[in-house]
Amino acid sequence: MELSKNGDDLERFLVAEFLGRREERAFREIYRRHAPSLNRVIMRLVGGWNGDAEDVEQTTWIRAIERLDGFRWESSLRTWLTGIAVNCARECLRRQRRDLRVETEDQVAAPPPRKIHREIHPIDLERAIGGLPERCREVLILHDVEGYTHAEIGRLLGIESGTSKSQLSRARSAVRESLRDNNGEM
């Protein structure tokens, strides 16, 4: 089969090879092409690369494999995989909230973030993003970090594009405020 340089054609070929013949090399190539962006999204959604992020990543790929034969190519494979990752991250965060309610006051409070003046430290930015409400964090990461349009975000999260825009605005304001609180004037 002659493949054009079009990435979509290659991805369709790889998916067909994996589904039709369970070709491991095809899956490895799909994984190689998409794992870095999925890992970034997952890491930011669950608050860092930790055991939860690893679980979300693994669950994302398992679900993708199980559902790949139902993928209809109405969006890019990257968008479809990201949607699965967002849903898996949401499930993880819901479990964390449930577990948090069960825990007692034996927890030790985290130390306050270190103040850095005039320069925003990447850790402070990650903390500010991590402190956002779940939906605002999802929209901010998908739009500002991953480059999805509001229409794509709407389809991924099941919201209107206008809702995506307003949540992005709220998220940006909250991040600015958090950074202002941690770093003084911005």
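Select, from ASP144, ASP99, the only residue that is acidic (Asp, Glu) and either touching a helix residue (DSSP H, G or I) at 6+ places or on another chain (Cβ under 9 Å) or modelled with pLDDT of 85 or more (or both).
From the options ASP144, ASP99, the qualifying one is ASP144.
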Here the qualifying pairs (Cβ atoms under 6 Å; residues six or more apart or on different chains; first in region 56-81 and without any contact (Cβ under 8 Å) to a residue 24 or more places away in the chain; second of a type in the set (D, E, K, R) and crowded, with 20+ Cβ neighbours inside 10 Å) come out as none
Taking first residues from region 167-186 that are at pLDDT below 90 and second residues anywhere that are small (Gly, Ala, Ser), the pairs with Cβ under 7 Å that are 6 or more apart or on different chains are VAL175/ALA128; SER178/ALA128; SER178/GLY131; LEU179/ALA128
How many of the residues in region 41-66 are among the small types (Gly, Ala, Ser) and under 20 Å from GLU29 (Cα atoms)?
1
State which residue is farthest from the chain's Cα centre (by Cα) when the search covers only region 60-87 and only residues that are among the small types (Gly, Ala, Ser) and surrounded by fewer than 21 Cβ atoms within 10 Å (Cβ to Cβ).
GLY70
Could you check region 42-59 and list, in sequence order, the residues that are part of a helix (DSSP H, G or I) and over 11 Å from the mean Cα position of the chain (by Cα)?
GLY51, ASP52, GLU54, ASP55, GLN58, THR59
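The values are calculated or read from the model by the stated rules, or taken from the named source; none is laboratory data. In this text, all values refer to a predicted model and were calculated from it rather than measured experimentally. FYI the Cβ positions are ideal-geometry reconstructions off the backbone, even for glycines, and counts take in every protein chain you see.
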